[in-house]
Amino acid sequence: MLKIVTIGGGSSYTPELIEGFIKRYNELPVDEIWLVDCEDGKEKLNIVGNLAQRMVKEARLPIKVHLTLNRREALKNANFVTTQMRVGLLDARIKDERIPLSHGIFGQETNGAGGMFKAFRTIPVILDICKDIQELCPDAWLINFTNPAGMVTEAVNRYTNIKKVIGLCNVPFDMHTAIAKILDKPKSEVKIYVGGLNHMSYVTKVVTDGKDVTDYVISKWGNQSMKNITGMEWSNAFVKALGVLPSPYHRYYYMAKETLEEAIEKFNINGTRAENVKRLEDELFELYKNLELKEKPKQLEQRGGAYYSDAACNLISSIYNDKGDVQVVNTLNNGAINYFEDDEVVEISAIITNNGPVPLTVGQLPKCTKGLLNQVKSFEIATCEAAVTGDYNKALLALMINPLVSSQKYAIQILDELLEAHKQYLPKFNK
């Protein structure tokens, strides 16, 4: 029996996950999918879970879809556990974005102060889930695409004994799509090689028809972006000098002043990205309620995290079938990138086997990327330590060494305001 458990099953992304399992059923014969959520997510779990059941029925597949608020019941003898949680729901994300922006500092879901507090709320919950996994399904693979995916995966590796954990992000998927479009090729005919950190990784090499076309793609890299990030044009001279392709998220660092000004302007006119996402999500759940709907609606692709779920299904299939294909994952470095320790989590192209990912050696990324990558990795590690201990001083350290903050005065104000705003979700800090 192949049993898959999805924690955060009431997510608006779940129909994409179900679609991914349906279209791969011949190679990934899933028997049971358990969608798990908490009491606060009960209504959404029922809505999206009923849609999932309709989708499976429409596909005429013998997959049983179970809905439950009992995580331990769901986890018994699971083969794969996927996590797509949002502790505090979108209301918490709105605070993550509004409070820093009100001080003129970046408010963003996975970067800066917002990303740090999402990690604070998420990491203790993930670690509790890991305890249940070790007890109830110790051989299961944990596939995490809860943001901030790199920090969550880092925390699991640092503070649990679980070794079968992989973090996943849709940014490399989107970059792969954009590169294939530049080359006017199907994605299946384009190989990309990636190295760095989550939301901080670079495409180091592009190959098609057996030829290295990296320089050509670099010369064409312009305004490629994602739904949730500005499409501000890259300077071609800068990208050529950089020597690797930056991700959409790099705009927050290499174009910090411009992107912050744009974010504050949008904030003053239309509110935060999180508030727009909440409106979109409300529309999606109204669609999901329609009993005639039996497929993933196209509107879901307007979410910034679209294709996370499909990437997760692809990864699970590759592990299950020992495919040996190359995918971009968050996993232990193990010497793949010289900048980082072996036991630090990186985002890297890896060969996917039934024993897990085998990172491809990137070696030395361009020297000009080293300072930024090391600074962000030190922020990630400090954030994990603060999340686990609830230590205020470590939280302040993490925030002040983040390159998007750069202010002691505002770091202290933002830290204090966010700790108060999220008090109910931060029991360790309350102690």
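The values are calculated or read from the model by the stated rules, or taken from the named source; none is laboratory data. None of the values given here were measured: they were computed from a predicted structure. Note that each Cβ is placed from the backbone with ideal geometry, even for glycine, and that neighbours are counted across all protein chains shown. Accessible surface is based on the protein model in full, side chains and every heavy atom, while ligands, DNA and RNA are left aside. Shrake-Rupley method; radii C 1.70, N 1.55, O 1.52, S 1.80 Å.
Details
- Tabulated pairs, the range 307-327, first closer than 9 Å to Gly20 by Cβ, second aromatic (Phe, Trp, Tyr), C-beta under 6 angstrom, 6+ apart or interchain: Ser309/Tyr13; Ala311/Phe173; Ala312/Phe145; Cys313/Phe21; Ile316/Phe80
- The residues on offer are Ile401, Ile337, and the sole one that is over 20 Å from the mean Cα position of the chain (by Cα), within 30 Å of Lys431 (Cβ to Cβ) and β-branched (Val, Ile, Thr) is Ile401.
- Residue in the range 177-188 that is open to solvent by less than 40 Å² (accessible area, probe 1.4 Å), assigned to a strand (DSSP E or B), touching a helix residue (DSSP H, G or I) at 6+ places or on another chain (Cβ under 6 Å) and not small (Gly, Ala, Ser) present: no
- Among the residues here, Lys370 does not qualify as among the charged types (D, E, K, R), surrounded by 19 or more Cβ atoms within 10 Å (Cβ to Cβ) and modelled with pLDDT of 90 or more.
- If you go through the range 75-122 and keep only what is farther than 30 Å from Leu136 by Cα and of a type in the set (Ser, Thr, Tyr), you end up with Ser102, Thr110.
- Looking across the range 30-47, the residues that are buried (at least 19 other Cβ atoms within 10 Å of the Cβ) and assigned to a strand (DSSP E or B) come down to Ile33, Trp34, Leu35, Val36.
- The set of residues in the range 18-29 that are surrounded by fewer than 19 Cβ atoms within 10 Å (Cβ to Cβ) and assigned to a helix (DSSP H, G or I) contains only Lys23.
- When each of Glu385, Glu341 is tested for being over 22 Å from Tyr249 (Cβ atoms) and part of a helix (DSSP H, G or I), the lone residue that passes is Glu385.
- Scan of the range 321-371 for residues that are over 21 Å from Thr177 (Cβ atoms) and touching an Asp or Glu at 6+ places or on another chain (Cβ under 8 Å), ordered by number: Asn321, Leu332, Asn333, Asn334, Gly335, Glu344, Val345, Ile351, Thr353, Asn354
- Residue within the range 395-408 that is more than 30 Å from Ile337 (Cα to Cα), without any contact (Cβ under 8 Å) to a residue 60 or more places away in the chain and surrounded by fewer than 17 Cβ atoms within 10 Å (Cβ to Cβ) present: yes
- Checked against the criterion of being under 21 Å from Leu404 (Cα atoms), aromatic (Phe, Trp, Tyr) and buried (at least 24 other Cβ atoms within 10 Å of the Cβ), the candidates Phe145, Phe117 yield just one match: Phe117.
- Residues of the range 401-431 classified as of a type in the set (Ser, Thr, Tyr) and within 15 Å of Phe120 (Cβ to Cβ), total: 1
- Complete set of residues in the range 269-300 that are open to solvent by 40 Å² or more (accessible area, probe 1.4 Å) and modelled with pLDDT under 90: Ile269, Asn270, Arg273, Asn276, Lys298, Gln299
- The range 1-17, residues that are open to solvent by less than 30 Å² (accessible area, probe 1.4 Å) and in contact with a Leu (Cβ under 8 Å, 6 or more places away or on another chain): Leu2, Val5, Thr6, Gly9, Gly10, Ser12, Thr14, Pro15, Glu16
- Yes/no for Tyr216 being part of a helix (DSSP H, G or I) and open to solvent by 60 Å² or more (accessible area, probe 1.4 Å): yes
- In the set (1) part of a helix (DSSP H, G or I); (2) surrounded by fewer than 18 Cβ atoms within 10 Å (Cβ to Cβ), the condition left unmet by Phe173 is number (2).
- Just one of the listed residues (Val81, Val87, Val156) is assigned to a strand (DSSP E or B) and either open to solvent by 10 Å² or more (accessible area, probe 1.4 Å) or modelled with pLDDT of 95 or more (or both), namely Val81.
- Residue list for the range 48-78, restricted to those being buried (at least 19 other Cβ atoms within 10 Å of the Cβ) and either of a type in the set (A, V, I, L, M) or closer than 20 Å to Ser317 by Cβ (or both): Val48, Leu51, Ala52, Met55, Val56, Ile63, Val65, Leu67, Ala74, Leu75, Ala78
- Test: Ala119 is farther than 24 Å from Thr353 by Cα, more than 15 Å from the chain's Cα centre (by Cα) and assigned to a helix (DSSP H, G or I): no
- Gly167 closer than 18 Å to Val81 by Cβ and crowded, with 20+ Cβ neighbours inside 10 Å: yes
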